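Taken together, the values in this text are just the output of simple stated rules run on the coordinates, not laboratory data. Predicted, not measured: the structure shown is a model, and the values here were computed from it. Here the Cβ positions follow ideal geometry from the backbone for every residue, glycine too, while neighbour counts run over all protein chains shown.
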Amino acid sequence: MIIESLYIKSFGKLDNVTINLSDGVNILRGENEAGKSTVCSFIRFVFYGLAGRGAEEKQRYISWNSSSASGYAIVSSGGRRYRIEREAICTGDSEGKLSIRERSAVIDTELSTAVFRGQNAGEVFFGVPADVFESTVYVGQIGDSRIGGRPLAEAAENILFSASESVNAKKAIKKLDDARVYLLYKNKRGGKIAELEAKKAELSERLEKARAESGDIIFLEGTQRELSEKTEKSKKRLAECSKELNTFEKYSTRQVYLTRKEESAKLREMEQSAEKNRLCEKHGGVPVYSDDYITSLEELSRRLETTTARYDAACSALDEANRKIIDMSEKIEVFRRLGSRGDKRDRIVDNINAGNKMSKTLKTVAVIMAVLTFIFAAICIISLVKAYSYATIFAVLACVSIIASIALFVISKSKHKIMLRDCSTFGCRSYEEFDELVKAAGRDEAVLTLITETKDKAEVNAKKAADELDATNSKIVSVLTQASFTIETSTRLSLSEALKICRKEKSEYEKLKIMLESQRQKVRELDDKLRSCDESYLREALTGTYDEEKMKTFDAKSAKRNYDFLQNSIGAMTEKLAQTEKELAVLNATVQRPTEISETLLAVEHELDVLREKFDAYVMAIDAIEAAGGKLREGISPKIAKSASAIMSKLSCGKYSEIGIDPDFAMTFTDGASTHTADYFSAGTSDIAYISLRIALMEVLFTKSKPPLIFDESFARTDDARLSAALKLISEGLEGCSSQSLIFTCHGREERAMAALGNYNLIRL
């Protein structure tokens, strides 16, 4: 067999990997953890399925991404090409317990049809089970591993014994021993022979009891007849009761149908009424019952209250301004006396103020000059007494001062008279009275101006509020008129009455909707009762004739209880009748005539003789096969040892030329005159001996297609010379092996060795 290519869809940590292989030596090189061992396991998976005993052990090959392991291999064997597919799916139950389900198929690529259905691909192509495949074809990282002797020994023995690994001598012995045990157990307390002996004793006892049990048969036959008669009578009564119940059910169905018809008519009337209410014909089609319409009226009501309150507030403000202006009427006389504000009045007021100020100033200066006159006079008198020369100067100054004081006083009086004259024009007798008039006029004028501005603003607000109120009233009248509501003298009253009507209409409409839904539910319930009836049954129920008086007084519950009672009674009697018939059958079967029992005893004795002869034959066959198997097993080991020795000689460059193998395939080496076990030699020597034995075993065990050899880091402990010898042997081809070999490695030693030997296929992982 040649493996042409591998496609790993999902297996372990590998996904969507394609590997193309060639005939001869294929070196698959990759770093540690690159997936070399995973590819090896995948090859085993394709041919034999997942390795391991339980789901947990097999799960390590399941991809985390897809929860499955799958792929295929393209192989050529016997001049034909095949596609070997395999898939394993991992699932878990509610308790978290894992289970793995596998499926496989072998497809003939030329015919595009599945072949070897229900068979394992590895056993079909190679003729060996998985454990033998792993112990020969697949040479892993050897280390301390050794070949498990007994499985290989048995496989080789079976092939040499029967030309087929599937024909197992041990299995044959097991089947013969099972047949022997079936006839008679070792303790002679079971088996077919013991069963027949017991049956023989039973027949003897039955013969003794036959006559005593004949009276029981007569009694049971009488009981059987009585039960049969009662059961038939009860069945007739049950049929009559069933007929009455059936008639009443049909009558009830017809009543339901008629009731449904009446209720449907009521429903249509209510729907029509609801439709009229929905259309609101008396309100011009306006849906006065709707929440939107009621909300709009409520909004208009709030607007009316707001605009009315705003208008009332504006009117109150206007009235208050007018009242304040009336209150200020007494102050207006002041403005009349002062005249209107302007340049003329302001000029007169300024002249009076200036005249008063000038008069006061001249008077003050006159007083000062009078004081100076006295001072100058005093100085003059003193100067005269003391005969100072400047007495005349002070005398002149005193005269000037007194003249100026008199003149200023006169002018002051004149200015004061003119100021009083001007004040008198405003009705004031003094400047103080005039000043007070001017101050009061200033204060009141500001207040009057503010009140006047407030009045003007209040008039504007009152007009705006009146317009809003008119607009609101107009809107209300328009809305109410559209819905045909009566308009009262007061829009507020009209709106309030309309809201009452709308809320009433809404309440009535909601009640009608509830009644309508209740009626619909009633009709639906009646429809549900009729839905279970097919058309023919309904037609029969409607066209049937009934005794109305009887149907009205018919007690269905009592009839149903009677029906159930009859059913239970018939069931109990039927069960008792069956038990009676069973007992009668048992007695009829056991109570036989003596001649019949004698004939049966003779037949049992004859069968016992035949089985005893078979038992003796099975014992003789087991002994013969065991003896032949032992002799055959002794002859297998020398044949394999000879082939392994020849291969070992080439691999060790002639140093070791003889390998011994016992019946359980334990290896020994002959070194000169001494014989040693494999543990005696170096790791490299043990490794090549291990490989030699595997190749030799393949010559014996693989009776069908020869598989390619698979080496997974198998030469790690082998020196360069022995590595070159091994690769040369593999590349030249081995007897009993395929021309193809797969060498998995993380080093370049194998590449360098093969480069010197010839062609090879390099695959990088």
Review point. Sequence-distant or interchain residues sharing an amide H contact under 5 Å with R81, placed H: which?
Key: T109, E110
Point to revise | the stretch 21-32 - phi-based ³J(HN,Hα) in whole Hz, Karplus 6.51/-1.76/1.60, Gly and Pro as x | key: 10, 10, 5, x, 8, 10, 9, 9, 9, x, 5, 4
**Study point:** Relative exposure of S424, S643, S112, judged by other C-beta atoms within 10 Å (fewest first)
**Key:** S112, S424, S643
Review point. Under the Karplus relation 6.51 cos²θ - 1.76 cosθ + 1.60, θ = phi - 60°, what is the ordered set of whole-Hz ³J(HN,Hα) values for the stretch 359-373, x standing for Gly and Pro?
Key: 4, 5, 5, 4, 4, 5, 5, 4, 4, 4, 5, 5, 5, 5, 4
Exercise for review: Within the set of other residues whose C-beta is less than 11 Å from the C-beta of Y48, count the net charge using Lys and Arg as +1 and Asp and Glu as -1.
Suggested key: -2
Exercise for review: Starting from the stretch 1-89, pick out the GluC sites (Glu not before Pro) whose DSSP state is loop and whose Cβ has at most 13 other Cβ atoms within 10 Å.
Suggested key: E31, E33
Check your understanding: Which residues' amide hydrogens lie under 5 Å from the amide hydrogen of G660, considering only partners 5 or more residues apart or on another chain, with H built in the peptide plane?
Key -> T668, F669, T670
Practice item. Starting from the amide H of S5, placed 1.01 Å from N in the peptide plane, find each other amide H under 5 Å away whose residue is 5 or more places distant or on another chain. Key: L21, I74
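Quick check: net charge around R503, other residues with Cβ under 13 Å of its Cβ, Lys/Arg +1 and Asp/Glu -1?
For residues surrounding R503, the net value is -2.
Going by average Cβ neighbours within 10 Å, how do the peptides 236-247, 62-73 rank, with the highest at the top?
Sorting 236-247, 62-73 by mean packing, highest first, produces 62-73, 236-247.
Ranked from highest to lowest mean number of other Cβ atoms within 10 Å per residue, what is the order of the peptides 739-749, 408-418?
Ranked from most to least packed, the peptides come out as 739-749, 408-418.
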